[in-house]
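The values are calculated or read from the model by the stated rules, or taken from the named source; none is laboratory data. None of these values were measured; they are calculated from a predicted model. Using ideal geometry, Cβ is built from the backbone for each residue, glycine included, and neighbour counts are taken over all protein chains shown. Please note that ligands, DNA and RNA were not included when accessible areas were found on the heavy atoms of the full protein model with its side chains. Shrake-Rupley method; radii C 1.70, N 1.55, O 1.52, S 1.80 Å.
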Amino acid sequence: MKIGIIGAGNIGGNLTRRLTALGHDVSVANSRGPHTLTALAKETGATPTRAEQAAQGADIVVVTVPMKAVPNLPSGLLDGAAEGVAVIDTGNYYPRQRDGKIAAIEDEGLTESRWTERQIGHAVIKAFNGTFAQDIIERARPAGAPDRMALPVAGDDEEAKRKVMALIDEIGFDTVDAGGIDESWRQQPATPVYGLRAGTAEVTKALAAATPDRKPEFRVD
């Protein structure tokens with residue numbers, strides 16, 4: 001499968017490593033340009049490219065950049081993607097630590113991924129946002145393994161969600177359907193499932209235990 005990864009930080013870098021190892025055709029981009037990705041490309045065989053080119057022909061696109069950088073992504077980012085492209089959003093809102101205030105999230109109550117959808121003009125599937133980057137490499141397990149972790153996955157496009165869940169299974173993790181994007185607050189920072197290393201039963205229980213109130217440390221006001 002052709003996969004575009006926009007953002008080559010900890011999550012983006014380790015997804016590049018894992019997906020190329022599985023035989024996928026991966027293009028990876030960052031904000032500094034492809035010349036800064038030569039080491040990752042040499043290590044993995046991924047194709048370094050510019051953000052506006054990363055989605056060309058892609059069946060899945062991963063957007064894994066700081067939320068404050070999302071509005072600066074190139075317009076028409078997904079214009080050249082394959083029909084039915086699934087877009088994974090790994091983002092989290094850290095207003096005090098990094099992103100500054102995003103009024104639509106804090107004042108209007110949008111979920112982080114609903115806000116991201118509005119910025120890029122395309123439905124997204126929220127996944128990997130509460131996953132430790134090293135776990136993508138170190139905690140992948142075959143299906144049926146007793147210590148296999150499960151990841152929550154939220155999104156409105158059921159076909160895209162199935163595609164993303166199948167990819168996560170291939171990477172080495174079970175999945176739990178966390179509902180639509182308006183329910184994706186259940187896996188935002190400071191919720192019970194965020195950073196949880198557990199199987200499907202515990203992840204399902206943690207999602208159900210979440211409350212929609214944004215914790216003070218994840219607000220500016």
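A few notes on this one:
- Count of residues meeting criterion [within 20 Å of residue 73 (Cβ to Cβ) and surrounded by fewer than 16 Cβ atoms within 10 Å (Cβ to Cβ)] in region 32-41: 4
- On inspection, residue 103 passes the criterion of being over 23 Å from residue 3 (Cα atoms) and either open to solvent by 20 Å² or more (accessible area, probe 1.4 Å) or β-branched (Val, Ile, Thr) (or both).
- Residue within region 132-140 that is closer than 22 Å to residue 210 by Cα and open to solvent by less than 20 Å² (accessible area, probe 1.4 Å) present: no
- Any hit, region 124-132, residues being aliphatic (A, V, I, L, M) and in a helix (DSSP H, G or I): no
- The set of residues in region 166-183 being closer than 18 Å to residue 147 by Cα, touching a strand residue (DSSP E or B) at 6+ places or on another chain (Cβ under 8 Å), hydrophobic (A, V, I, L, M, F, W, C) and assigned to a helix (DSSP H, G or I) consists of 168 alone.
- Each residue in region 44-63 was checked for being open to solvent by 10 Å² or more (accessible area, probe 1.4 Å), assigned to a strand (DSSP E or B) and β-branched (Val, Ile, Thr), and 1 of them qualify.
- Members of region 64-99 found to be over 18 Å from residue 114 (Cβ atoms) and either of a type in the set (D, E, K, R) or not in a loop (DSSP other than H, G, I, E, B) (or both), listed by number: 72, 79, 83, 96, 97, 98
- Restricting region 141-162 to residues that are more than 16 Å from residue 90 (Cα to Cα) and of a type in the set (Lys, Arg) leaves a set whose member that is least open to solvent (accessible area, probe 1.4 Å) is 148.
- Residues satisfying the stated conditions in region 184-201, i.e. free of Cβ contacts under 8 Å to residues at least 40 places away in the same chain, surrounded by fewer than 19 Cβ atoms within 10 Å (Cβ to Cβ) and not in a loop (DSSP other than H, G, I, E, B): 201
- Residue pairs whose Cβ atoms lie under 8 Å apart, separated by 6 or more positions or on different chains, with the first residue in region 12-26 and without any contact (Cβ under 8 Å) to a residue 60 or more places away in the chain and the second open to solvent by 10 Å² or more (accessible area, probe 1.4 Å) and in a helix (DSSP H, G or I), are 16/40; 16/44; 20/44; 21/44; 26/20; 26/44.
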